[in-house]
């Protein structure tokens with residue numbers, strides 16, 4: 001069991017004054033680039049912030065500070081945010097245009113063109129990101145900005161960026177290795193590791209776990225791997241690698257159970273049920289720790305879940321929505337109990353988390369071994 005919380009909440013590291021090192025005491029101004037201090041005149045510092053500098057110092061800051069903490073640099077912070085949103089609008093318009101062309105081509109080809117994944121890509125990688133970036137750009141005006149929240153978000157982002165996520169990279173590497181095996185052996189891995197109700201009833205219960213390591217194609221594994229990297233960037237530093245493994249493994253199995261319940265005759269594969277489980281656990285934990293986590297981070301994960309549920313409906317011809325919902329519900333349930341009565345991130349590693357992580361790692365590695373052995377024997 002995790003230790004019970006104390007009466008006073010523990011201040012997260014990104015809120016501590018000494019999160020960054022002390023600023024030079026020579027009365028200079030500057031910014032941090034590549035881990036080095038770059039001195040610059042006070043008049044040129046706003047231009048550096050607009051160009052991307054986040055961590056700065058001035059004669060009035062005893063510690064290195066995020067640019068949003070310095071009132072005279074806030075116009076440059078907003079200008080940088082507007083330009084970043086404009087670039088995202090531009091890239092989303094390009095992706096959306098290409099996806100729309102694919103979707104229209106598929107529509108003209110008729111049913112023989114297969115599932116209309118072009119509309120899925122247009123909505124998920126074109127329209128929604130474009131609208132999101134446009135709204136973000138319009139919000140970057142002084143009267144709409146909560147600067148205390150902006151400071152907390154930037155400090156949190158820098159703290160997250162400084163954390164290592166070896167467990168996440170190991171999981172993504174395992175998914176990539178299994179996919180390379182698939183590419184070398186054709187569709188054998190899907191047949192030997194996918195989950196289906198009749199196969200589980202025949203005693204092949206291990207398919208509930210192995211199905212999460214196998215994918216239906218390059219786009220499938222690429223999207224899942226990219227999503228896992230994004231989620232792990234936050235979950236591993238806040239919950240720990242052991243808890244990430246446990247959440248992923250348990251929710252993959254839960255997603256497989258939901259998948260064989262509806263529709264029971266489909267052969268299902270993919271790690272997306274575990275990814276929805278990770279998102280659900282993070283949202284549940286984040287809700288309990290919302291006084292400590294930046295609101296934007298918690299809100300972004302909740303929006304991503306809603307967006308993916310909509311994308312699942314749009315791609316219902318080729319997406320296993322039962323697995324997504326099953327993994328999400330399991331993740332929400334797990335997240336409701338992670339960390340005890342009160343969630344104070346980052347959580348320390350405990351004996352319970354080490355045991356859970358060790359069991360999950362053993363289950364994942366055993367599942368991978370089963371996939372390899374069955375594929376090579378077939």
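Values quoted throughout were computed directly from the atomic coordinates according to the rules given, and no laboratory measurement underlies them. What you see is a predicted model; the values in this text were computed from it and never measured. Quick reminder, even Gly has a Cβ in these numbers, built from the backbone with ideal geometry, and neighbours come from all protein chains shown.
Based on other C-beta atoms within 10 Å, arrange 279, 89, 108 from fewest to most. Please list the in-between numbers first.
Details: 279 26, 89 18, 108 8.
Starting with the residue having the fewest Cβ neighbours, the order is 108, 89, 279.
Determine the relative contact order of region 13-73: mean sequence separation of Cα pairs under 8 Å and six or more apart, normalised by residue count, in whole percent. Don't skip to the answer; put the middle values down first.
On the way: 86 pairs, mean separation 22.2, N = 61.
It comes to 36 percent, rounded to a whole number.
Measure off 7 Å from each Cα along the Cα-to-Cβ vector at residue 365 and residue 148, then give the distance between these two points in nanometres to one decimal.
If labels sit at residue 365 and residue 148, their model points lie 4.8 nm apart.
List the relative contact order of the chain as a percent without decimals, with contacts defined as Cα pairs under 8 Å and 6+ residues apart. Write down the numbers at each step before the final one.
Numbers: 568 pairs, mean separation 66.9, N = 378.
Taking the mean separation of contacting Cα pairs over the length of the chain, I get 18 percent.
With only alpha-carbon pairs counted, each pair once and no self-pairs, how large is the Kirkwood hydrodynamic radius of region 234-348 in angstroms?
Details: mean 1/r = 0.0704 Å⁻¹.
Mean inverse Cα-Cα distance, inverted, gives 14.2 Å.
What are the extents of the Cα atoms of region 161-211 along their three principal axes, in Å, largest first?
Result for region 161-211: principal-axis Cα extents of 48, 24, 11 Å.
Counting pairwise Cα distances across the chain, what percent come out greater than 25 angstrom? Walk me through the intermediate numbers first.
Details: 43936 of 71253 pairs.
So the portion of pairs separated by more than 25 Å is 62 percent.
Debye sum, Cα scatterers, region 165-377, no solvent: what log₁₀ I/I(0) at q = 0.08, 0.11 1/Å?
Calculated log10 I(q)/I(0) at the listed q: -0.25, -0.48.
At a 10 Å Cβ-Cβ cut-off, how would you order 175, 180, fewest neighbours first?
Working: 175 22, 180 11.
Fewest-to-most Cβ neighbours within 10 Å comes out as 180, 175.
Whole percent per 5 Å bin, from 0 to the bin with the longest distance: what is P(r) over all C-alpha pairs of region 207-285?
All Cα pairs considered, the percentages come to 3, 17, 26, 24, 18, 9, 3, 0.
Which values, in whole Å and largest first, are the semi-axes of the equivalent ellipsoid of region 78-154 obtained as the square root of 5 times each eigenvalue of the Cα gyration tensor? Kindly include the intermediate steps, with their values, before the conclusion.
On the way: eigenvalues 253, 23, 12 Å².
Output for region 78-154: semi-axes of 36, 11, 8 Å.
How big is the Kirkwood radius of region 13-73, worked out from every pair of different alpha carbons and given in Å to one decimal? Write down the numbers at each step before the final one.
Values: mean 1/r = 0.0870 Å⁻¹.
11.5 Å is the Kirkwood radius here.
Based only on the alpha carbon positions, what is the Kirkwood hydrodynamic radius of region 1-104, in angstrom? Walk me through the numbers on the way to the answer.
Numbers: mean 1/r = 0.0602 Å⁻¹.
In region 1-104 this quantity evaluates to 16.6 Å.
Run the helix sum for the chain: -39,500 (n - 2.57) per DSSP H stretch of 4+ residues, divided by residue count, reported at 222 nm to the nearest 500 deg cm²/dmol.
-20000 deg cm²/dmol
Rounded to the nearest 10 degrees, what's the angle between the helix 241-261 long axis and the longest principal axis of the chain, both from Cα atoms, 0 to 90?
In the chain, helix 241-261 runs at an angle near 40 degrees to the longest axis.
What number do you get for region 125-198 when its Cα radius of gyration is normalised by 2.2 N^0.38 Å, N = residues?
Working: Rg = 21.5 Å, N = 74, 2.2 N^0.38 = 11.3 Å.
Dividing the Cα radius of gyration by 2.2 N^0.38 Å gives 1.91.
Quick one: among 333, 193, 268, which has the greatest mean-square fluctuation in a GNM of the chain with alpha-carbon springs under 10 angstrom?
333
Give the angle, between 0 and 90 degrees and rounded to the nearest 10, that separates the Cα long axis of helix 128-139 from the longest principal axis of the Cα atoms of the chain.
The helix 128-139 is inclined about 20 degrees to the chain.
So which residue, out of 117, 57, 105, gets the largest mean-square fluctuation from a GNM of the chain using Cα contacts under 10 Å as springs?
Among 117, 57, 105, the largest mean-square fluctuation in the Gaussian network model of the chain belongs to 105.
What whole number of Å gives the distance from the Cα centroid of region 40-117 to the Cα centroid of region 239-281?
32
State, to one decimal in nm, how far the label point of residue 201 lies from the label point of residue 303, with both points 7 Å from Cα in the Cβ direction.
For residue 201 paired with residue 303, the spin-label model returns 4.5 nm.
Cut-off is 10 Å between beta-carbons; in what order do 143, 344, 72, 236 appear when sorted fewest neighbours first?
Values: 143 4, 344 18, 72 12, 236 25.
Listed from fewest to most nearby Cβ atoms, that is 143, 72, 344, 236.
Could you check the spin-label model distance between residue 352 and residue 22? Points 7 Å from the Cα along Cα→Cβ, value in nm.
For residue 352 paired with residue 22, the spin-label model returns 4.1 nm.
Taking the Cα atoms only, what angle lies between the long axis of helix 272-288 and the longest principal axis of the chain, rounded to 10 degrees?
The two axes meet at around 40 degrees.
Once fully extended, how much extra length lies between residue 170 and residue 93, figured as 0.36 nm per residue of separation less the alpha-carbon to alpha-carbon distance?
Working: separation 77, 0.36 × 77 = 27.72 nm, distance 3.34 nm.
Full extension from residue 170 to residue 93 adds 24.4 nm.
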